[in-house]
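Each remark here refers to the structure printed beneath this line.
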Amino acid sequence: MALLNDEIREQLSGFFKGMKEDVTLAVFTKKEACETCKEAESFMQEIETLSDKIHLEAYDFDTHQDKAKEFGVTLTPSIVLLDGEKKHQGVKFNGIPGGHEVNSFIKGIMEVSGALDSLPESQQERLKKITKPVNIKVFVTLGCPHCPGAVEKAHKLALENPNIDAEMIEAQTFGEVSNKFNVSSVPKVVINDEFEFVGNQPLDTFLEEIEKTQ
Amino acid sequence: MELNLDITEGPKVHLKKEVLYDTLVIGGGPAGLNTALYAKRKGLNVGVITERLGGQVMDTSTVENYLGYESMTGEGLVNKFIGHVQNLQVPILKEVRVEKLDKDGDIHQVHLKNGEVYQSRTLVLATGSKPRKLGIPGEKEFSGKGVAYCAICDGPFFEGLDVVIAGGGNTAVESAIDLAKIAARVDLVHRSQFRADQVLIDQLKNYDNIHIHLDTQMQEIMGEAMVNGIKVLDRNTGEESIMNTNGIFVEIGYLPNSDAFKEYVQINDRREIIVDAFGRTNVDGVFAAGDITTIPYKQIITSAGDGAKVALAVNDYLNTHARIEAPQKVVAK
């Protein structure tokens, strides 16, 4: 069954006309013990049909351990957005980016394609000083209207600095990880599994927390 | 699977630092958006600067008191507002926070936290309000660890668990109803009597897992890694007791987001910006609209209406004040 109705298909294909380079959706699924893998894959198949610039590569997590490792995939379903040269830019979605999160997913595709809004100079300067690896986890629920904002910011930072890797984690699909990080309010942002804050805070707050890891 | 798509179509217009705007609206909720709509239609060069486009209405599950819409999701309603303004090509700068306001001659300057500065002949402050906190021990410590302020966001974490809702207004009662569908038990605790609309209070009866405690004061939030209880005081009997719970949703009203403006315009002891009937503050050319002002009864429709009124007041102001950079025309006879 199609997940996207005609109206949404039309809106999205119009929006994707603004893409610059090609983007590959690397989708990692498992055959067993993954309730949402099938739905995630068929959702991505539909997204692929919306633009000639969007490509899909489906990987079985168990048989493609090398690829999973290369992109830092540990959960399924997981979707990694690769740029025109099929390089990992640190933009990852763990769980189906449905509900409100479709917005950060669409924005992610646009940004990985190179259709970027630039950051103010002061923030670019601060980002240049991030030289050690940073991982940003953004926990979300699909009914949360201000979660996509936090996911977009994390991904934006990852795109601007190769040392930063950012991932959305849909908290209900990945209850165990969420419990490990005591997630009971979203968006919850965890940096290098150590520093954390709750809420869609301004980019400067992300930067302040990231700077603590350097 | 449900999709809540919210993308803007058509060419994007950006807010520009080099432009001197007729009016800059700070805030992207109903008040700010309607100010922008009315100002644009008056032919003013208007821009919007906002931390959170849509404002608090985004967090409201259902709106049933906006004239013309019997029942809408908060998001659905506000997306209509946003779409309406965006179709008029009003530049909206979102996800930014204002640090302070300043003045250069007759020009008002908006300094953002990220260092950018925008300029305008007039300002409309419409940053609304944010959820009020309980201000009791344990609240800060357990924030995000069982203490929550957005039921539609965080409700799913309490599936099959017990939750307490603090508050007696419409938001609290709506949250109780939403959470009753997810949680095992919902305790609605309020320090006085209900302020909510009777039609909502009546709906509480339909859920036998909702328990109501009026005239009950919350005193302390307790827990270890996560919340496990709350100490309450029954104001009628003077008895203290502990309610066991897994989560506390705080829905006790709102506090104006006026911190960035308090050095620039006059605010009252409730942190509301003091305005007259035209939305004028004590500073020439600076107006305020919606929940951030002293106007009573904060509602979506009153905020939107206030925005319309203030836009018209701004237009009158600009018409009666000489355009700053326009040279005096000498008409030769």
Relative to the longest principal axis of chain B, what angle (0 to 90°, nearest 10) does the C-alpha long axis of helix B:170-180 take? 50
Diffusion coefficient in µm²/s returned for chain A by Stokes-Einstein, Kirkwood Rh over C-alpha pairs, 37 °C and 0.692 mPa s, is 190
Ordering of B:294-302, A:102-110 by burial proxy (mean other Cβ atoms within 10 Å per residue, highest first): A:102-110, B:294-302
Once phi for every residue in segment A:29-39 is put through the Karplus expression 6.51 cos²θ - 1.76 cosθ + 1.60 (θ = phi - 60°), the whole-Hz ³J(HN,Hα) values, with Gly and Pro written as x, are 10, 10, 6, 10, 6, 8, 5, 9, 4, 4, 5
Residues of segment B:145-178 with backbone N under 11 Å of the label point set 7 Å from the Cα of B:Met226 along Cα→Cβ are B:145-147, B:157-162
Compute the distance in nm between two label points, each set 7 Å from the Cα along the Cα-to-Cβ direction, one at A:Lys180 and one at B:Asp276. 6.2
Across peptide A:98-107, how many C-beta atoms of other chains are within 10 Å of each residue C-beta, on average? 4
Per-q log10 I(q)/I(0), segment A:121-211, q = 0.24 Å⁻¹ (Debye; single scatterer per alpha-carbon; no solvent): -1.21
In whole angstrom, note down how far apart the Cα centers of segment A:156-192 and segment B:15-58 are. 32
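Taking the highest mean first, how do the peptides B:19-31, B:120-132 order by number of other beta carbon atoms within 10 angstrom per residue?
Numbers: B:19-31: 26.7, B:120-132: 24.8.
Ranking, from highest mean packing down: B:19-31, B:120-132.
What whole-number value in Å² describes the accessible area per residue of chain B for a 1.4 Å probe? Show your work: numbers first, answer last.
Numbers: 16150 Å² over 333 residues.
Result: 48 Å² of accessible area for each residue.
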Taking the dipole about the Cα centre of chain A, with the C-beta of Lys and Arg at +1 and of Asp and Glu at -1, give me whichever of A:Ile96, A:Phe43, A:Gly14 is farthest to the positive side. A:Ile96
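Over both sides of the B-A contact, add up the buried accessible area with a 1.4 Å probe and give it to the nearest 100 Å².
3000
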Here, B:Glu141 and A:Leu119, labelled 7 Å along Cα→Cβ, have an inter-label distance in nm of 3.6
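State, as an integer percentage, the relative contact order of segment A:121-211 based on alpha-carbon contacts under 8 Å between residues 6 or more apart.
On the way: 134 pairs, mean separation 32.7, N = 91.
Relative CO of segment A:121-211 lands at 36 percent.
Using 1/(1 + (r/R0)^6) with R0 = 35 angstrom and r between the beta carbons of A:Glu35 and A:Gln214, what's the FRET efficiency to the nearest 0.05? Kindly include the intermediate steps, with their values, before the conclusion.
On the way: r = 39 Å, r/R0 = 1.10.
That gives a FRET efficiency of 0.35.
Within the set A:Lys53/A:Lys87; A:Lys132/B:Lys94; A:Lys137/A:Lys180; A:Lys86/A:Lys180; B:Lys40/B:Lys80; B:Lys80/B:Lys100, which residue pairs have Cα atoms separated by over 22 Å?
Values: A:Lys53/A:Lys87 15 Å; A:Lys132/B:Lys94 30 Å; A:Lys137/A:Lys180 12 Å; A:Lys86/A:Lys180 32 Å; B:Lys40/B:Lys80 17 Å; B:Lys80/B:Lys100 30 Å.
Pairs exceeding 22 Å: A:Lys132/B:Lys94; A:Lys86/A:Lys180; B:Lys80/B:Lys100.
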Mind checking which aspartates and glutamates have their C-alpha under 12 Å from A:Lys128, skipping anything on the same chain fewer than 8 residues away? A:Glu160, A:Glu211
If one takes the longest principal axis of the Cα atoms in chain B, at what angle in degrees, from 0 to 90 and to the nearest 10, does the Cα axis of helix B:300-320 lie? 20
Per-residue average of Cβ from other chains inside 10 Å of B:34-41: 0
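Within segment B:168-324, how many Lys pairs sit with Cα atoms under 28 Å apart, leaving out pairs fewer than 8 places apart on the same chain?
Numbers: B:Lys181/B:Lys205; B:Lys181/B:Lys231; B:Lys181/B:Lys298; B:Lys205/B:Lys231; B:Lys205/B:Lys298; B:Lys262/B:Lys298; B:Lys262/B:Lys309; B:Lys298/B:Lys309.
Total qualifying Lys-Lys pairs in segment B:168-324 comes to 8.
Given 0.36 nm per residue, what is the gain on full extension from A:Phe195 to A:Asn163 after removing their alpha carbon distance, in nm? Before the final figure, lay out the partial values.
Numbers: separation 32, 0.36 × 32 = 11.52 nm, distance 1.69 nm.
Length gained between A:Phe195 and A:Asn163: 9.8 nm.
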Whole-Å semi-axes of segment B:230-321's equivalent ellipsoid (Cα gyration tensor): 40, 14, 11
Which FRET efficiency, nearest 0.05, do B:Thr320 and B:Asp215 yield, Cβ-Cβ r, R0 35 Å? 0.10
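Give me the one-decimal Kirkwood hydrodynamic radius in Å for the protein assembly as shown, with the sum taken over alpha-carbon pairs. The partial results should precede the final answer.
Numbers: mean 1/r = 0.0402 Å⁻¹.
By the Kirkwood definition, the hydrodynamic radius is 24.9 Å.
Using just the helices of the protein assembly as shown, give the 222 nm mean residue ellipticity in deg cm²/dmol: DSSP H runs with n ≥ 4 each add -39,500 (n - 2.57), and the total is spread over all residues, rounded to 500.
On the way: 14 runs with 146 residues, N = 547.
Estimated from H runs of four or more residues: -8000 deg cm²/dmol.
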Where in segment B:293-315 does the amide nitrogen come within less than 17 Å of the point 7 Å from the Cα of B:Asp284, taken along Cα to Cβ? B:314-315
Take peptide A:176-187, look around each residue's Cβ out to 10 angstrom, count Cβ atoms belonging to other protein chains, and average those counts. 4
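Write down the percent of antiparallel bridges among all DSSP beta bridges whose residues are both part of chain B, to the nearest 5.
Among the beta bridges of chain B, antiparallel pairing accounts for roughly 50 percent.
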Assuming R0 = 41 Å, what is the FRET efficiency of B:Ile242 and B:Gln266, from their Cβ-Cβ distance, to the nearest 0.05? 0.40
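How high is the relative contact order of chain A, in percent, counting Cα pairs under 8 Å that sit 6 or more residues apart?
Values: 373 pairs, mean separation 40.3, N = 214.
For chain A, the relative contact order is 19 percent.
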Once label points are set 7 Å from the Cα along Cα→Cβ at both B:His111 and B:Lys94, what is their separation, rounded to one decimal in nm? 2.7
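Where does each of B:163-169, B:243-249 land if you order them by average Cβ count within 10 Å, highest first? Let's see the in-between values first.
Working: B:163-169: 25.9, B:243-249: 22.7.
Those peptides, ordered most packed to least, come out B:163-169, B:243-249.
Restricting things to alpha carbons, find the Rg to Rh ratio for chain B using the Kirkwood radius for Rh.
Values: Rg = 22.4 Å, Rh = 21.5 Å.
My calculation puts Rg/Rh at 1.04.
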Taking the Cα centre as origin and putting +1 on Lys and Arg beta-carbons and -1 on Asp and Glu beta-carbons, what dipole magnitude results for segment A:18-112, to the nearest 20 debye? 200
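Hey, what did chain B get for relative contact order, percent, Cα under 8 Å, at least 6 apart? Don't skip to the end; give the middle numbers.
Numbers: 723 pairs, mean separation 64.9, N = 333.
Computed value for chain B: 19 percent relative contact order.
The values are calculated or read from the model by the stated rules, or taken from the named source; none is laboratory data. It should be emphasised that the depicted structure is a prediction, and the values quoted were computed from it without experimental measurement. Virtual Cβ from ideal backbone geometry, glycine too; neighbours counted across all protein chains shown. With ligands, DNA and RNA removed, areas are computed over all heavy atoms of the protein, side chains included. Shrake-Rupley method; radii C 1.70, N 1.55, O 1.52, S 1.80 Å.
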